[in-house]
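Peer 1: Here you go, one structure.
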Amino acid sequence: DQQVKQNSPSLSVQEGRISILNCDYTNSMFDYFLWYKKYPAEGPTFLISISSIKDKNEDGRFTVFLNKSAKHLSLHIVPSQPGDSAVYFCAASARIQGGSEKLVFGKGTKLTVNP
Amino acid sequence: DVKVTQSSRYLVKRTGEKVFLECVQDMDHENMFWYRQDPGLGLRLIYFSYDVKMKEKGDIPEGYSVSREKKERFSLILESASTNQTSMYLCASSNTGLWEKLFFGSGTQLSVL
């Protein structure tokens, strides 16, 4: 049972445009969400996160939006740059008391930004 | 600069061999994790550890074991390697305060023939 879903395996955008990566989750206990970026031959790196008490978090060109009622989050990259080309993983955790430290990842979306 | 180091970038082993994957972190992190990444399946948690000599099963622990004798080192052991364990293995560590912010190593691509 896939608790974190990234339904688009790939996305291609033009340099300078907006990239929107989507993520859906099914577990209503999830209350903390993260995005990781992975380049080929490297490990994933943390990009941005959001707590369920917020609906938006911004860091430079990256903004994450959370819609709790829809169990949906999205990552916006504006403007997109060729160096943003990577695989993006959505991840979620349940920070409940006594909850185990298990981060659930989606399958990833490969973003290609064309010059 | 924070660092998680995995001992091998590429490994080729034969079916039935015992395989050790080593991971060392220099950030004094309490938590350490082993994931595998497979095409179309994303990152799946094998084992994690939140303290020395402590270990917890992840989602796919079958065929694997781990060892954490020192805080900075977390080893993944394939007791008898099989072809379905061919994968990219990623080690990560994190602090207890924000445990979800994982720092990953570069990965070990293991091929079992």
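FYI, it's all coordinate maths here, none of it is from the lab. Nothing here was measured: the structure is a model prediction, and the numbers come from that model. So basically every Cβ, Gly included, is an ideal-geometry build from the backbone, and we count neighbours across all protein chains shown.
Peer 1: So which trypsin sites (Lys or Arg not before Pro) in the range B:1-105 pass both tests, a DSSP loop state and at most 13 other Cβ atoms within 10 Å of the Cβ?
Peer 2: B:K3, B:R9, B:R14, B:K18, B:K53
Peer 1: Using only the Cα atoms of the protein assembly as shown, what semi-axes does the equivalent ellipsoid have when each is the square root of 5 times a gyration tensor eigenvalue? Give whole Å, largest first.
Peer 2: Output for the protein assembly as shown: semi-axes of 29, 20, 16 Å.
Peer 1: Short version: what are the Cα gyration tensor semi-axes of chain A, square root of 5 times each eigenvalue, largest first, in whole Å?
Peer 2: Taking √(5λ) for each Cα gyration eigenvalue gives 24, 15, 12 Å.
Peer 1: How fast does chain B diffuse by Stokes-Einstein, in µm²/s, taking the Kirkwood radius from C-alpha pairs at 4 °C and 1.567 mPa s?
Peer 2: In µm²/s, the coefficient rounds to 93.
Peer 1: Can you compute the charge dipole magnitude of the range A:4-114 about its Cα centre, using +1 on each Lys and Arg Cβ and -1 on each Asp and Glu Cβ, nothing else charged? Give it in debye, rounded to the nearest 20.
Peer 2: Once rounded to the nearest 20, the dipole reads 220 debye.
Peer 1: Next up: Which value in nm describes the separation of the simple spin-label points at B:S82 and A:E58, placed 7 Å from the Cα toward the beta carbon?
Peer 2: 5.1 nm
Peer 1: Let me ask you something else. Hey, rough spin-label estimate for A:R95 and A:S12, points 7 angstrom out along Cα→Cβ, what's it come to in nanometres?
Peer 2: Rounded to a tenth, the inter-label distance reads 3.9 nm.
Peer 1: Hey, what do the phi angles of the range B:12-29 turn into as Karplus ³J(HN,Hα) couplings, whole Hz, using 6.51/-1.76/1.60 and θ = phi - 60°, x for Gly and Pro?
Peer 2: 10, 10, 9, 3, x, 6, 8, 10, 10, 10, 10, 9, 10, 10, 10, 9, 6, 6
Peer 1: Please report the spacing between the Cα centers of the range B:2-80 and the range A:1-62 in Å, no decimals.
Peer 2: 25 Å
Peer 1: Right, here's the next one. May I ask you to compute the full-extension gain from B:E56 to B:S7, defined as 0.36 nm times their residue separation minus their alpha-carbon distance, rounded to one decimal in nm?
Peer 2: So the extension gain works out to 15.4 nm.
Peer 1: Please name whichever of B:M32, A:A70, A:W35 sits farthest to the positive end of the charge dipole of the protein assembly as shown, dipole taken about the Cα centre and charges placed at Cβ: Lys and Arg +1, Asp and Glu -1.
Peer 2: Toward the positive end, the furthest listed residue is A:A70.
Peer 1: Just to verify a number: FRET efficiency for B:K71 and A:T112, C-beta to C-beta distance, R0 = 45 Å, to 0.05?
Peer 2: Taking R0 as 45 Å, the efficiency between B:K71 and A:T112 is 0.70.
Peer 1: Provide, for the range A:6-83, the number of lysine pairs with alpha carbons under 17 Å apart, each pair being eight or more places apart or on different chains.
Peer 2: Pairs that pass both the separation and distance tests number 4.
Peer 1: Under a straight-distance cross-link criterion of Cα-Cα below 14 Å, which aspartates and glutamates are reachable from B:K13, leaving out those fewer than 8 residues away in the same chain?
Peer 2: Excluding near neighbours in sequence, the set is B:E79.
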